[in-house]
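Peer 1: Have a look at the structure that comes next, please.
Just so it is clear, none of the values below were taken in a lab; they were calculated from the coordinates. Fair warning: this is a prediction, and the values are worked out from it, not measured in the lab. Methodologically, a virtual Cβ is constructed for each residue, glycine included, from the backbone with ideal geometry; neighbour enumeration extends over all protein chains shown.
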Amino acid sequence: RLLGAGGHVDATDIRLDILDELADRAKRARLDNITIVAQPTGQYDGILVDAPCSGSGTWRRQPHLKWYVKPETIAAFAQTQRDILAANAARVKPGGLLIYATCSLSHHENHDVTAAFLRAHPGFAAEPPPQSHGGVFDGLGTLLLPGTLNTDGFYVALLRRSARQV
């Protein structure tokens with residue numbers, strides 16, 4: 001509904017069960033502007049990357065998960081995150097937005113991944129969010145701590161592609 005009458009969403013995920021659930025939810029909400037695609041093609045005005053991560057932002061709700069995360073786990077997630085961002089960069093139209101989000105509080109998965117992406121993709125620049133929602137924009141992204149709004153912790157980076165192709 002926020003996209004307006006002409007807006008459309010192509011949704012993809014490597015987890016097919018998540019896509020099945022999305023299809024069910026969209027149908028119940030009477031949203032007919034969502035298409036589930038196996039492999040997106042073409043370019044988009046905006047791409048949301050809800051990246052796989054350590055989930056450290058959810059630990060207050062699920063404290064047992066912290067025992068599964070090791071330094072090498074975070075390093076592996078960071079590499080996957082960089083790979084996903086790089087794979088999606090070319091699909092963002094000039095002037096479009098690549099949104100990078102995690103439910104992690106790790107600097108390695110958030111700030112460092114965003115910084116590495118911007119170094120490798122000079123045609124993109126970080127921009128602050130239109131609203132802070134209580135988070136702190138550090139010049140690359142915004143970290144939302146769990147206690148701020150009584151939610152999980154999140155990180156979001158808005159990465160705008162230059163209107164002229166670089």
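Peer 1: With an 8 Å Cα cut-off and a minimum separation of 6 or more residues, compute the relative contact order for the chain in percent. Don't skip to the answer; put the middle values down first.
Peer 2: Details: 280 pairs, mean separation 37.0, N = 166.
Computed value for the chain: 22 percent relative contact order.
Peer 1: Can you pull out the chymotrypsin sites (Phe, Trp or Tyr not before Pro) in segment 1-77 that DSSP calls coil and that have at most 12 other Cβ atoms within 10 Å?
Peer 2: Numbers: sites: 44, 59, 67, 68, 77; in loops: 59.
Sparse-neighbourhood loop chymotrypsin sites (Phe, Trp or Tyr not before Pro): none present.
Peer 1: Okay, moving on. What FRET efficiency, computed as 1/(1 + (r/R0)^6) with R0 = 30 Å and r the Cβ-Cβ distance, is obtained for residue 145 and residue 35, rounded to the nearest 0.05?
Peer 2: On the way: r = 35 Å, r/R0 = 1.17.
Computed FRET efficiency for residue 145 and residue 35 comes out at 0.30.
Peer 1: Pop a pseudo-label 7 angstrom from the Cα along the beta-carbon direction at both residue 50 and residue 17 and give the gap in nm to one decimal.
Peer 2: Distance between the two pseudo-spin positions: 1.5 nm.
Peer 1: Something else about it: What shape does segment 105-145 take by its C-alpha gyration tensor, where a ≥ b ≥ c are the square roots of the eigenvalues and a/c under 1.5 counts as rounded, a/b above b/c as prolate, and the rest as oblate? Provide the component values of the computation, followed by the final result.
Peer 2: Values: a/c = 3.90, a/b = 1.40, b/c = 2.78.
Oblate is the answer for segment 105-145, as a/c is 1.5 or above yet b/c matches or exceeds a/b.
Peer 1: Put a dot 7 Å past each Cα toward the Cβ at residue 68 and residue 24; how far apart are the dots in nm?
Peer 2: In this crude label model, residue 24 to residue 68 measures out at 2.1 nm.
Peer 1: So, with +1 on the Cβ of K and R and -1 on the Cβ of D and E, and no other charges, what is the size of the charge dipole of the chain about its Cα centre, to the nearest 20 debye?
Peer 2: Numbers: 17 positive and 16 negative charges, 49 e Å.
Here the size comes out at about 240 debye.
Peer 1: Taking springs between alpha-carbon atoms closer than 10 angstrom, which of 61, 119, 15 fluctuates most in the Gaussian network model of the chain?
Peer 2: 15
Peer 1: When every alpha-carbon pair in the chain is counted, what percent end up more than 18 Å apart? All intermediate terms of the calculation are to be shown ahead of the outcome.
Peer 2: Numbers: 8801 of 13695 pairs.
That fraction is 64 percent.
Peer 1: How many Å³ per residue does the convex hull of the Cα positions in segment 1-74 occupy?
Peer 2: Working: hull volume 11.4 nm³, N = 74.
Here the figure is 154 Å³ per residue.
Peer 1: Same structure, new question: If the cut-off is 29 Å between C-alpha atoms, which lysines fall inside it for residue 27, apart from same-chain ones fewer than 8 positions away?
Peer 2: 93
Peer 1: With every atom except the alpha carbons ignored, what do you get for Rg and Dmax of segment 127-166, in angstroms?
Peer 2: Over segment 127-166's Cα set, Rg and Dmax evaluate to 12.4, 41 Å.
Peer 1: What Kirkwood Rh does segment 78-135 have if only Cα atoms enter the pairwise 1/r average? Answer in Å. Don't jump to the answer; show the numbers that get you there.
Peer 2: Details: mean 1/r = 0.0812 Å⁻¹.
Kirkwood radius, segment 78-135: 12.3 Å.
Peer 1: Please identify, among 140, 16, 65, the residue showing maximal mean-square fluctuation in a Gaussian network model of the chain using a 10 angstrom Cα cutoff.
Peer 2: Greatest mean-square fluctuation among the candidates belongs to 16.
Peer 1: Given the options 51, 29, 125, which has the most mean-square fluctuation in a GNM of the chain, springs set between C-alpha atoms less than 10 angstrom apart?
Peer 2: Highest fluctuation among the options: 29.
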